[in-house]
Amino acid sequence: MEPDFRLPLVLERLRGFRLVVPVASPKGGVGKTTVASGVSLLLAHRGVPVSLLDADFTNPTTHVMLGVDASQALPEEDKGVLPVRVEPGLEFMSPAFYSKDKPLPLRGRELVDALRELLAVTRWSGRVLVVDTPPGLSDSLLELLRLERRSKVLVVSTCDKMSLLSTRRILEFLRQEGVEVLGVVANMCGSCGKLEEELGSEPLGCLPFIEDLQALEGDREALARTLSPGLSGVLEKIITLLQ
């Protein structure tokens, strides 16, 4: 296999961050994109320059949560590609800017190649890179962890049996690989005590079920305001790590 000459540039781009936080989930539908968007917005509101990447190439939806029109927004080219400035302190990159919400069926090597390309060409300016990854042990997550061993993974889980079982699996995998876990966010939980009981540790964040979540999609101020109490522990830990 021929060497990938993009890799040195990818590694250089990643070294520019003080912290890389892949937001992962054991399965779909647990609110990972909501948490990734909320953490990014709240950090930016606290004065931390944040870069947010949607690494779900086959089904990117982070732009919907942020209220960004992927059919209109287009990253500028300047010795690479500049992420879209969502608001002061928050820049955003997504494959949706290029696929225009059309299907993008990628697998295996094709997906890894697409991730490397996006990481290589994007000129980030944030201190923290938050990455919204596809559910499970996806190619995007595995490749990112291979490229950036300093990553600290934020795992999102609901409190039902299937999600908790899957969460234990992904935490065990990260432990075996020597990857640091930033913490677990319990989402859509009436009480986070069940997650603490099942996993043996207190969740870093706890979000209740938000009945009208759809009304928050695209309304960044309302989204940040609603998620702030439940994600305060996540913010404090990230800010502490940056000091």
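The values are calculated or read from the model by the stated rules, or taken from the named source; none is laboratory data. These numbers were taken from a predicted model, which means no experiment stands behind them. Every residue, glycine as well, gets a Cβ built from its backbone with ideal geometry; the counts of neighbours run over all protein chains shown. For the accessible areas, the whole protein counts, side chains as well, though only heavy atoms, and no ligand, DNA or RNA atoms are used. Shrake-Rupley method; radii C 1.70, N 1.55, O 1.52, S 1.80 Å.
Helix 32-45 versus the longest principal axis of the chain: what angle, 0 to 90°, nearest 10, using Cα atoms?
80
Could you order peptides 4-11, 108-115 by the average number of other Cβ atoms within 10 Å of their residues, highest first?
On the way: 4-11: 13.8, 108-115: 16.0.
Those peptides, ordered most packed to least, come out 108-115, 4-11.
At a 10 angstrom cut-off on C-beta neighbours, averaged per residue, how do the peptides 55-61, 153-159, 142-148, 169-175 rank from highest to lowest? Don't jump to the answer; show the numbers that get you there.
Details: 55-61: 20.7, 153-159: 25.9, 142-148: 18.4, 169-175: 16.0.
Result, highest mean first: 153-159, 55-61, 142-148, 169-175.
Rank these residues by their accessible area, most exposed first, probe 1.4 Å: R225, R85.
Working: R225 160, R85 130 Å².
Largest accessible area first, the residues go R225, R85.
Nearest 5 percent is fine: what portion of the DSSP beta bridges confined to the chain is antiparallel? Write out the running numbers ahead of the final one.
On the way: 5 of 30 bridges.
If we restrict to bridges inside the chain, about 15 percent are antiparallel.
With runs of 4+ DSSP H residues as the only contributors, calculate the mean residue ellipticity of the chain at 222 nm using -39,500 (n - 2.57) per run, divided by the residue total and rounded to the nearest 500. Let's see the in-between values first.
Working: 9 runs with 100 residues, N = 243.
About -12500 deg cm²/dmol.
From the Cα gyration tensor of segment 1-136, with a ≥ b ≥ c the square roots of its eigenvalues, which class applies: rounded if a/c is under 1.5, or else prolate if a/b is larger than b/c, or else oblate?
Details: a/c = 1.34, a/b = 1.11, b/c = 1.20.
Judged from the Cα gyration tensor, segment 1-136 comes out rounded (a/c under 1.5).
What are the residues whose amide H is under 5 Å from the amide H of R123, where those residues sit 5 or more places off or on another chain and H is modelled from the backbone?
When sequence neighbours closer than 5 places are left aside, the close amide H contacts are V81, L82.
Return one number: the angle in degrees, 0 to 90 and rounded to the nearest 10, between the long axis of the Cα atoms of helix 220-242 and the longest principal axis of the Cα atoms of the chain.
Here the helix axis deviates by roughly 80 degrees.
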